[in-house]
Amino acid sequence: MDVILRSALGLDRDEHETFLADVIAGLSDNPKRLGAKYFSDVAGSRLFEEITGLPEYYPTRTEMGILRRDGARLMGELAPGTALVEFGSGSTAKVRVLLDAAPTLAAYVPVDISAEFLGAEATRLQDDYPHLKVLPVAADFTSLFELPPQVRGRPLVGFFPGSTIGNFEPHEADAFLRRAARILGPSSRLIVGVDLVKDERVLHAAYNDAAGVTARFNLNVLTRINRELGADFDLDAFAHRAFYNPARSRIEMHLQSLARQKVRVARRAIPFRAGETIHTENSYKYTLARFAALAAAAGWETRAVFTDPAEYFSVHALTQS
Ligand code: AVI
């Protein structure tokens, strides 16, 4: 499981209204678009978990390999009482590798939008690491939030794995890094997983797997809109399209209308031309230098970078400059 699990547990009334407003606005736009955050209902989260184990989807296992090999060096020397703060802790698989590599860590703060999910994972983790103070925070890490009082004044290390930063637009990635600096405070550190620019064929395969799981993941957003917003998308009339856009260094995911058609969403008729697409996700790929520059502009100095031998994926150890 990865960070995308974080909002898998259903929407409250306000979130439902926001979902509807976002869908209507996105489908009325030109080109049409939908927010990638809406992938993560229960089915979408399961499909994403399946994606992370696909032979073509290298990021998860490659990052895990780097954390296993270089976890101790990534964490470096830790001052007594150091706390680890994870942004969007969908699953604890990756942080467990860091906790094992840094047994002197005093506290772990998983920050996640889903309080229920967070509670279950945090309890399991607390049982497995009894010496560690596990202090979950239910918050949206894409806005400012308060750390628990127990970690204020402690040395802090942030952790943001999975190249989730690649799903942010560059200005959002900059804003995230600046916010993380404010939340973690002066002299803190941040460990970030970042997917790298590479042979387009490798990238293409990772988002167009032979088993069609990524296609089901992409199309699932339409199933969700049908179910939760009373829409009538015909899933056979749309196809998954994912391709690398070299000018923007990003994988783009789209859903392409296979015919001229009208779709009803909450009593509105949304027209589609044959071939028209809904842009559903971007996954930015960085070079090491480009990510270091992004981090530097947001106030983070690169202390060390670890990659796999093929340089498919990178994990950056940053300190506040
Ligand atoms: C969650 N995120 C880092 C994934 C990615 O690779 O951008 C989401 C994903 N979309 C399709 N496959 C995986």
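Remarks
- Relative contact order [Cα under 8 Å, 6+ residues apart], the stretch 82-164, whole percent: 40
- From its DSSP helices (H runs of at least four residues, each -39,500 (n - 2.57)), the chain gives a residue-normalised ellipticity at 222 nm of -11500 deg cm²/dmol.
- Taking the C-alpha atoms only, the angle from helix 288-297 to the longest principal axis of the chain is near 80 degrees.
- Using the 1.4 Å probe convention, the accessible area of the chain works out to 44 Å² per residue with neighbouring protein chains retained.
- The order of 37, 198, 262 by accessible area, most exposed first and with a 1.4 Å probe, is 262, 37, 198.
- Residue-by-residue Karplus 3J(HN,Hα) for the stretch 146-154, coefficients 6.51, -1.76, 1.60, Hz, glycine and proline x: 8, 7, x, x, 4, 9, 5, x, 7
- Between helix 213-229 and the chain: long-axis angle, C-alpha atoms, 0 to 90°, nearest 10: 70
- Ranked order, 244, 312 - accessible area, probe 1.4 Å, largest first: 312, 244
- Once you reduce the stretch 43-70 and the stretch 146-175 to the center of their Cα atoms, the two points are 20 Å from each other.
- Where both bridge residues fall in the chain, DSSP classifies roughly 65% of the beta bridges as antiparallel.
- In the stretch 116-192, the trypsin sites (Lys or Arg not before Pro) that fall in loop regions by DSSP, at most 14 other Cβ within 10 Å: 152
- Restricting attention to the stretch 126-256, close to 65% of DSSP beta bridges with both partner residues there are antiparallel.
- Built amide H within the under 5 Å cut-off of residue 287, gap 5+: 197
- Extension gain, residue 187-residue 245: 0.36 nm per intervening residue step, less the Cα-Cα distance, totals 17.2 nm.
- Overall, the accessible surface of the chain at a probe of 1.4 angstrom is composed of carbon and sulfur to the extent of 53 percent.
- Under 30 Å from residue 32, Cα to Cα: lysines that are on another chain or at least 8 residues apart: 198, 262, 285
- Alpha carbon centroid spacing (whole Å) that separates the stretch 178-240 from the stretch 241-316: 8
- Using C-alpha pairs below 8 Å separated by at least 6 residues, the relative contact order for the chain is 20 percent.
- Measuring with a 1.4 angstrom probe and ignoring ligands and nucleic acids, residue 163 comes out at about 10 Å² accessible.
- Excluding same-chain neighbours fewer than eight residues apart, the aspartates and glutamates reachable from residue 94 by a Cα-Cα span under 12 Å are 2, 63, 86.
- In this simple spin-label model, placing a label point 7 Å from the Cα along the Cα-to-Cβ direction at both residue 128 and residue 24 gives a separation of 4.4 nm.
- Accessible area of residue 234 (1.4 Å probe, protein heavy atoms only, ligands and nucleic acids ignored): about 80 Å².
- Qualifying GluC sites (Glu not before Pro) for the stretch 90-163 [loop in DSSP, other Cβ within 10 Å: at most 14]: 146
- Relative to the longest principal axis of the Cα atoms of the chain, helix 13-28 runs at roughly 60 degrees.
The values are calculated or read from the model by the stated rules, or taken from the named source; none is laboratory data. Note that the structure is predicted; figures quoted are calculated from it, not measured. Counting neighbours? That spans all protein chains shown, and the Cβs are built from the backbone with ideal geometry, glycine included. The area values use the complete protein model at the heavy-atom level, side chains included, leaving out ligands, DNA and RNA. Shrake-Rupley method; radii C 1.70, N 1.55, O 1.52, S 1.80 Å.
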